[in-house]
Amino acid sequence: MKIDHEKFNISMRKFLKKVGVTSQQKIEESVRLALKNNLISRDEVKVKVILEIDELDLNHQIDGEILLGTE
């Protein structure tokens, strides 16, 4: 089977855009709620993303932090 690289790239970019937009919305909602309830005591939050594709036996973890820029 051959891959149509153009279709593959377009499809992957659409998926990654969806991931980025929805992830940002969820993070913003969660941070606002945590700040409202005084659950955050630092100027950053740790973040972890796990990418899984069962058919490809892919399991990839990305760790990082998001600075809140609180005053």
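The values are calculated or read from the model by the stated rules, or taken from the named source; none is laboratory data. Remember, predicted model here, so these are calculated numbers, not experimental data. Please note: Cβ atoms are built from the backbone with ideal geometry, for glycine as well, and neighbour counts cover all protein chains shown. Note: accessible area is taken over every heavy atom of the protein model, side chains too, but ligands, DNA and RNA are not part of it. Shrake-Rupley method; radii C 1.70, N 1.55, O 1.52, S 1.80 Å.
A simple spin-label model places the labels of Glu29 and Asp63 2.8 nm from each other, with each point 7 Å out along Cα-to-Cβ. Over all orientations, the chain has a Cα convex hull whose mean projected area works out to 6.5 square nanometres. Computed in the context of the full set of protein chains, the accessible area of the chain at 1.4 Å probe radius has 55% of its extent on carbon or sulfur. For the chain, lysine pairs separated by 8 or more sequence positions, or belonging to different chains, with Cα-Cα distances below 30 Å total 23. Heavy atoms of the protein chains alone define the surface here; on that basis the chain has 98 Å² accessible area per residue at 1.4 Å probe size.
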